[in-house]
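Every read-out reported here was derived from the displayed coordinates using simple, explicitly stated rules and does not represent laboratory data. Computed from a predicted model, the values in this text were never measured in an experiment. Note that each Cβ is placed from the backbone with ideal geometry, even for glycine, and that neighbours are counted across all protein chains shown.
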Amino acid sequence: MTNIARYILDNPAIDPAREAIAFEGRSWTHAEFAARVRRLGNALKSRGVTKGDRVCVLLTNCPQFLESFFAITAIGALYVPLNSLLTPREHCLLMQDCQPAAVISSPRFAEALALAAEVESIASVILIEGASGAQVDYEALLASATETCPLAETDAGDDAAIVYTSGTTSLPKGVVLTHGSYKADWHNLSAVLAPKIDSVNLQIAPLYHAAIVHSVLHLSVGARTILSPKFEPGFVLRTIAAERVTHVFCVPTIIYDLLDHPDFGTTDFTSLRTVEYGAAPMTRTRLEDALATIGRPVFVHAYGMTETTSHCCTLGGVEHNEVLGSIGHSMRLCEMMIADDAGQEVPHGTVGEMLVRGPNIMSRYWGREAETAAALENGWLHTGDLGRRDARGYYFIVDRKKDMIISGGVNIYPKDIEEVIAQDPSIAEVAVYGVPHPRWGEAVVAAVRLKPGATLDRDALQALMAERLGRHMLPKRIDVVDAFPRNGTGKIMKHVMRRAAAEAVEA
């Protein structure tokens, strides 16, 4: 049986007396956590949830989120995490799409839950606090349930979850992941991170994101996870030092904010064994700033997407000395290929689309047959990322296929321009994108966010770009912004910026 809940409910390697989760001054042992998972699984069954039903989880980081993940999959239902940063209307649209039997949430999302009243499939709304009317109190529900919860019989191909994409260009698609794809993904990542019973994981990234894998892996080996309800740089730095954190996953925006915090340079990072970063591009200049303080050996770059469950390619710590900027090698159970538009493999060094296949790849998009067929053509997942592979087998991301700029018939990759602009010492973050141009087809536009207290020397930046970029790559305009529009995983939504800038570009 492949039921992924076995990792914490039927695992003799776990010491039940050790601390499993710490959150806002409270803690739970592995025995207490497993008991609560079993009670929730039984409680959901008592509310009529059966194998194949969907259960939405709309929460911020908290222990109940992890309990829900394991309880839902334990009974053979489909776990459906919803991005807490979406609007109430978007939450309702996703619930209409997946037609859940139950929703686990909190009063924070009252507006979304009110809108979801129109979703006829929802029989139970379970709140972790503040339940009223027909809503069900989470703790009372657990108290009324028993701890005996037999795992549902599941095969590797049985659906385990619907995880919605981050949706940088449109409404999110529901990615269907199986028990087998989760198992393969965890096997891949365990070989890289090698969590141990004495490991301490700091979960900064939201649990609705694929980064939930870091808490899952640490729970599965009997280690400890500290949940952060939200990202606050000072809290993260203090926690790393005080709790002797060994593992943390950060999206680049988190690393940027940590680098710019006044306590970064004096924080004790010696306990760290792994700092994994990914989910969005990171400029080489800012990465080198982090490496110089924390040390190269602990850094691991992760490349993947919702459709690969989480990971498919990693660059290890030692490799950062040789191929900084690479996303690394394909993982143990993954195959990768750089292909042309016809799906044929291209020679080393040639740019093409990155394709991936393996047991960790999604089953399908929920209710979207045509898009599934296009994404999984000939058994390969088409990532939409442009990349190249060198003769040693290292992969490099060039850019998103949809973000490539074509100006005067020449292909321009925004990432190449971003890497140069990021070398300006006043710039914290940069985004380059194309907007329509009446003569050239598209023109290059850049937006920059400055470091705290910094001012932009435009003449110096223009000189830097003129020295290192071809004339056709020079931005037609550079905007200074306070913040970038982002999706739930921290990726900059360039399509939003394109729309805003299109009319402002001079002919």
For this session: Please work out the FRET efficiency for the pair Lys451 and Thr50, using the Cβ-Cβ distance as r and a Förster radius of 60 Å; give the result to the nearest 0.05.
Result: 0.65
Problem set entry | Contour excess over end-to-end distance, with Cα ends at Glu111 and Ala292 and 0.36 nm allotted per residue | 60.6 nm
Exercise. By a straight-distance test (C-alpha under 16 Å), which aspartates and glutamates pair with Lys51 as possible cross-link partners, with residues fewer than eight away in the same chain excluded?
Worked result: Glu153, Asp155, Asp158, Asp159
Exercise. Simple spin-label model, 7 Å along Cα-to-Cβ: Ala156 to Phe235 in nm?
Worked result: 4.0
Problem set entry | Difference of contour (0.36 nm per residue) and Cα-Cα distance, Glu345 to Ala483 | 45.8 nm
For this session: Would you please name the GluC sites (Glu not before Pro) within the range 413-507 that are DSSP coil residues with at most 12 other C-beta atoms within 10 Å of their C-beta?
Result: Glu506
Problem set entry | Considering only the chain, percent of DSSP beta bridges that pair antiparallel, nearest 5 | 60
Exercise. Roughly what % antiparallel, to the nearest 5, for the DSSP beta bridges in the range 1-92?
Worked result: 50
Exercise. About its Cα centre, what dipole magnitude does the range 231-330 give when the only charges are +1 on Lys and Arg Cβ and -1 on Asp and Glu Cβ, stated in debye to the nearest 20?
Worked result: 160
Exercise. Can you flag which of Lys230/Lys415; Lys415/Lys451; Lys173/Lys401; Lys401/Lys476 are past 24 Å Cα-Cα?
Worked result: Lys230/Lys415
Exercise. Taking neighbour counts of Cβ atoms within 10 Å as a proxy for exposure, in what order, fewest first, do Cys312, Cys62, Cys92 appear?
Worked result: Cys62, Cys92, Cys312
Exercise. Summing -39500 (n - 2.57) over the DSSP H runs of n ≥ 4 in the chain and dividing by its residue number, what mean residue ellipticity at 222 nm do you reach, to the nearest 500 deg cm²/dmol?
Worked result: -8000 deg cm²/dmol
Problem set entry | Cα pair distances exceeding 12 angstrom across the range 407-448, given as percent | 59
Problem set entry | For the range 430-454 versus the range 1-80, the gap between their alpha-carbon centres in whole angstrom | 45
For this session: Compute the Cα gyration tensor for the range 202-336, then decide on rounded, prolate or oblate, letting a ≥ b ≥ c be the square roots of its eigenvalues: rounded whenever a/c is under 1.5, prolate when a/b is larger than b/c in the other cases, and oblate in all that remain.
Result: oblate
Exercise. How much FRET efficiency would the formula 1/(1 + (r/R0)^6) give for Ala500 and Thr148, where r is the Cβ-Cβ distance and R0 is 60 Å, rounded to 0.05?
Worked result: 0.60
For this session: Determine the shape class of the range 30-153: with a ≥ b ≥ c the square roots of the Cα gyration tensor eigenvalues, call it rounded for a/c under 1.5, and otherwise prolate if a/b is greater than b/c, oblate otherwise.
Result: prolate
For this session: Report the full-extension gain for the segment Glu120 to Asp15: residue separation times 0.36 nm, less the Cα-Cα distance, to one decimal in nm.
Result: 33.5 nm
Exercise. What ranking, highest mean first, results for peptides 445-456, 176-187, 150-161 when packing means the other Cβ atoms within 10 Å averaged over each residue?
Worked result: 176-187, 150-161, 445-456
Exercise. How would you classify the range 332-408 from its alpha-carbon gyration tensor, with a ≥ b ≥ c the square roots of the eigenvalues: rounded for a/c under 1.5, else prolate if a/b is greater than b/c, otherwise oblate?
Worked result: oblate
Exercise. Whole number please: convex hull volume per residue of the Cα set in the chain, in Å³?
Worked result: 153
Exercise. Hey, fewest Cβ within 10 Å first, where do Ser121, Ser215, Ser220 land in order?
Worked result: Ser121, Ser220, Ser215
Seminar exercise, completed: Ranked from fewest to most other Cβ atoms within 10 Å of their own Cβ, Met95, Met497 fall in the order Met497, Met95
For this session: Would you mind working out the magnitude of the charge dipole of the chain relative to its Cα centre, with +1 at each Lys and Arg C-beta and -1 at each Asp and Glu C-beta, to the nearest 20 Debye?
Result: 80
For this session: Please name which of Cys149, Thr225, Ile122 has its Cα lying farthest along the dipole of the range 73-232 towards the positive end, using unit charges on Cβ (Lys, Arg +1; Asp, Glu -1) and the Cα centre as origin.
Result: Thr225
For this session: Would you please state which residues of the range 271-295 a label at Asp416 would reach in this model, taking the label point 7 Å out along Cα→Cβ and a backbone N cut-off of under 20 Å?
Result: 281-285
